[in-house]
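The values are calculated or read from the model by the stated rules, or taken from the named source; none is laboratory data. Model, not experiment: these values are computed from the prediction. Cβ: placed from backbone, ideal geometry, glycine included. Neighbour counts: every protein chain shown.
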Amino acid sequence: MNQQYLVLDTTAFYAGVPYTNTTENLVTTPDVISEVSNERTRTLIALSKINVLQGTPANMKKVKDAATKTGDNSMSQADLSVLALCLNINEEGNEAILLSDDFAVENVASRLGIKARPLMTNGIQAKAEWIFFCPACGKKYQKQRADCLVCGTKLEKRLKKN
C-alpha cells in the first residue's frame, strides 16, 4: 500500500509545521537537523515522530545533476539531501511531498518530478533555468563558473528567457 510522506526542509521547521501531534508520516535528513540551529526546535524534533533518513548516493548525484542543469548550484547540503530523500521515497512506490519555501529547492524538485508544497510563500509558478553572463563583455555561459574566460570579470546570473 502506498504511503504519503511529508519531507521537511529546514524552512518547514522555521515555519512552525505542527510536527509533534500529527498522524502524518514526517521525514527529514540528518543534514537538515544539523542546519536547524535553534535548541528549542532540536528538542521538539527529538520528542516528535519525525523519522530521520538519508537518500542514496545515486539519488544525490541525480539531484546535483539537476541543480547544475537549472543553474541552482548554490544549494546547501541540506537542500540537496531532502531532494535525494524524496527520490528514494518515490522509488519505493510511495509519495513524497517536499515542504519548502526555498525557490531553488522547489525549482530543482519541479525538474525532478517531485511534488513540493510551499509553506509561507506562493511557491514557484514555473520551472526556471539560469543563464550566467559577464556584465562587462556580455559573454554567456550555460554552466556556472566564477569568472569570465574572456575578460576575467565575475559572472552574474539571470533567468533564461524561453
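The helices (runs of 4 or more DSSP H) found entirely in the stretch 4-62 that carry 3 or more residues being within 21 Å of residue 73 (Cβ to Cβ) and at pLDDT 80 or above are 30-35.
Residue 56 meets the conditions (1) more than 21 Å from residue 23 (Cβ to Cβ); (2) surrounded by 14 or more Cβ atoms within 10 Å (Cβ to Cβ); (3) out of contact with any Leu (no Cβ under 6 Å at 6 or more places or on another chain); (4) of a type in the set (Val, Ile, Thr) in every case but one. The failed one is (2).
A quick yes/no check of all residues on (1) modelled with pLDDT of 90 or more; (2) not in a helix (DSSP H, G or I):
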position: 72; (1), (2): no, yes
position: 81; (1), (2): yes, no
position: 86; (1), (2): yes, no
position: 98; (1), (2): yes, yes
position: 104; (1), (2): no, no
position: 107; (1), (2): no, no
position: 119; (1), (2): no, yes
position: 122; (1), (2): no, yes
